[in-house]
1. Note down all Cβ pairs under 6 Å where the first residue falls in the stretch 130-151 and is among the β-branched types (V, I, T), the second is assigned to a helix (DSSP H, G or I), and they're at least six residues apart or on different chains.
2. Scanning the stretch 22-44 for residues that are exposed (fewer than 14 other Cβ atoms within 10 Å of the Cβ) and over 20 Å from the mean Cα position of the chain (by Cα), which turns out nearest to L95 (Cα to Cα)?
3. For the stretch 169-184, which positions are within 26 Å of T36 (Cα to Cα) and buried (at least 17 other Cβ atoms within 10 Å of the Cβ)?
4. So which of A196, A213, A205 is in the same structural domain as P134 (by TED's automatic domain parsing), among the aliphatic types (A, V, I, L, M) and modelled with pLDDT under 95?
5. Going by the conditions given, is E160 surrounded by 21 or more Cβ atoms within 10 Å (Cβ to Cβ) and farther than 22 Å from N129 by Cβ?
6. Just give me the residues in the stretch 131-166 being over 18 Å from M227 (Cα atoms), under 24 Å from the mean Cα position of the chain (by Cα) and modelled with pLDDT of 95 or more, in sequence order.
7. Do you know which residues across the stretch 185-198 are part of a helix (DSSP H, G or I) and surrounded by 12 or more Cβ atoms within 10 Å (Cβ to Cβ)?
8. Counting just the residues of the stretch 199-228 that are within 15 Å of T165 (Cα to Cα) and of a type in the set (K, R), which one comes out surrounded by the fewest Cβ atoms within 10 Å (Cβ to Cβ)?
Amino acid sequence: MNQASEKQSAFLIKSKQVIDSFLDSLWMERGLSENTLSAYRSDLTQFSFWLEHKKVDLLKVEAKDILAYLSSLENASVRTVARRLSSLRRLYEYLLRENKIKQNPVSNVDAPRLGRTLPKSLTEDEVENLLNAPDTAPATGVRDKAMLELLYATGLRVTELVSLTIQQVNLRQGVVRVTGKGNKERLVPMGEEANAWIERYLSSARSEILGNAITDAMFPSNRGKAMTRQTFWHMVKRYAVVAEIKKTLSPHVLRHAFATHLINHGADLRVVQMLLGHSDISTTQIYTHVARERLKDLHAEHHPRG
């Protein structure tokens, strides 16, 4: 290894140590999830690579360096730039608090303005077609049908769905006990249809899929282990093709549909907030915008002067 490479490695090692300390602090103080911590690490590591190229020490960054870095993200979305800046802001607030730096280089850097993005959703007919897409003759089809029904009936996050254990589902009471973000627990009713499909799935299909394997995962894959987010998402995309849904779907499409359809049918916003597990109602309020857009479309379609 030449001297230049050794210097570069030392630079990145030092940056990594700073980032690790920051993430450890975040984990201890706020108990953030692995996914959130990984997102911070990814953002800050990319920043440290950029700093290495510019030969700027992570602890000697100035506001002009932050602005130059944000300008280098010209092909990134506004939302991505805002998230990267937020990660940097948190890092340098921590470093200032720990007396590692004397001034916060991010304090006077404004975040880009974010438009309110409406979550993609499905109509009730499209959801019906998607729920009816699995062939329920094989055991895996019963499992897939039960998963889709449960997801739409409860609005669970995909991670919450694939992480469910047998112990979290109570058929007698018709509820699911979910541990969401920040380790907050909530009870969510399943509804009759989802409850019926879960009962049918548990009566025979699950044991058929498992064979001799043993797991407390509610929805094991064909390998006898808890299904991954990626496997479930490929499954949804496959059934979307069967259901002839042309929209570009997101992993949370049924969660969005759950919330939107509840509000369209008059559900109270606070109830939807509790069911979704949102800590802040402002996160839930976006669904009122979705409902309003739907009302505008209906008005334009049916009103004589729409």
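The values are calculated or read from the model by the stated rules, or taken from the named source; none is laboratory data. Here the structure is a predicted model, which means the values were calculated and not measured. All Cβ positions, glycine included, derive from the backbone under ideal geometry; neighbour counts span all protein chains shown.
1. Cβ pairs passing all conditions: T136/V142; T136/K145; V142/Y201; V142/A205.
2. Only one residue fits best here, namely D24.
3. V176, V178, G180
4. Only one candidate qualifies: A213.
5. yes
6. Within the stretch 131-166, L131 is the sole residue that qualifies.
7. Passing the criteria: E193, A194, N195, A196, W197, I198.
8. Once the filter is applied, the top-ranked residue is K225.
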